[in-house]
Amino acid sequence: SGLPNFIIRFYVNQLVDAMEYMNECGYCHCDLKLENLLLDKCFNLKVTDFGCLNFLNKCTNNIDKGKVFGTEQYIAPEILQGSNSPNLKSDYFSLGVCIFLMYFGFFPFEKASMTDKDYKYFIMKKPMVFWKNVQKKSNRDIDEGFRELLTGLFDIDQSKRFKYLDVVNWLENGD
């Protein structure tokens, strides 16, 4: 099973602040995953492994279009398909995977593609089928706000995918 909600919210708050700071500096991480998140001696989150870090102007100019950055289980569908370059919205997809892992203790899907038995429900615009399957695998109740947050972060359509203000709104609304 996963972490308590208050701990998840504590670390998500720190992570989205770090992501927003990278964005303000003109970068996207391109490899956000739990393995790249460390804790200092005061249990504050530290983002590490900037080997895939990408300058956003470079991303939007499609210089790296078609290149797969990151770890497959965390990669946004548009990156896996080679149809887009890594960007902040792909980092927010990875954030969704991190949050899901913290909440349930297992991955939401193997990879974000139509061939994946779990992610295909997001592509088919049937996320409730996905959540029913998750409920069967988990012994944890799924709160509606949490489900809405992750559904927004896992959206196949980048223009609709949740970003900073959506996550902050979830954090502020509490349990």
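The values are calculated or read from the model by the stated rules, or taken from the named source; none is laboratory data. Fair warning: this is a prediction, and the values are worked out from it, not measured in the lab. Backbone-built Cβ (ideal geometry, glycine too); neighbour counts: all protein chains shown. Accessible surface is based on the protein model in full, side chains and every heavy atom, while ligands, DNA and RNA are left aside. Shrake-Rupley method; radii C 1.70, N 1.55, O 1.52, S 1.80 Å.
Go through segment 143-163 and give me each residue that's under 17 Å from CYS98 (Cβ atoms) and among the β-branched types (Val, Ile, Thr). If the condition is that a residue be under 17 Å from CYS98 (Cβ atoms) and among the β-branched types (Val, Ile, Thr), then THR151 is the only one that fits.
Of the residues screened, ARG140 is one that is assigned to a loop (DSSP other than H, G, I, E, B), over 21 Å from ASN13 (Cα atoms), of a type in the set (Lys, Arg) and open to solvent by less than 70 Å² (accessible area, probe 1.4 Å).
Each row is one residue, and each column tells you yes or no for (1) open to solvent by 30 Å² or more (accessible area, probe 1.4 Å); (2) touching a Lys or Arg at 6+ places or on another chain (Cβ under 9 Å); (3) within 22 Å of TYR74 (Cβ to Cβ).
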{"site": "TYR119", "(1), (2), (3)": "no, yes, yes"}
{"site": "PHE122", "(1), (2), (3)": "no, no, yes"}
{"site": "LYS126", "(1), (2), (3)": "yes, yes, no"}
{"site": "TRP131", "(1), (2), (3)": "no, yes, yes"}
{"site": "LYS136", "(1), (2), (3)": "yes, no, no"}
{"site": "GLU148", "(1), (2), (3)": "yes, no, yes"}
{"site": "ILE156", "(1), (2), (3)": "yes, yes, yes"}
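The lone criterion from (1) in contact with a Lys or Arg (Cβ under 9 Å, 6 or more places away or on another chain); (2) among the hydrophobic types (A, V, I, L, M, F, W, C); (3) over 24 Å from CYS30 (Cβ atoms); (4) at pLDDT below 95 left unmet by ILE142 is number (1). Looking across LYS163, LYS137, LYS111, LYS126, one residue alone is without any contact (Cβ under 8 Å) to a residue 12 or more places away in the chain and basic (Lys, Arg). It is LYS126. Applying a threshold of 7 Å to beta carbon distances and a minimum spacing of six or more residues, or different chains, the list of pairs starting in segment 13-34 at a residue that is at positive phi and ending at one that is open to solvent by 10 Å² or more (accessible area, probe 1.4 Å) and not in a loop (DSSP other than H, G, I, E, B) reads GLY26/PHE55; GLY26/LEU56; GLY26/ASN57.
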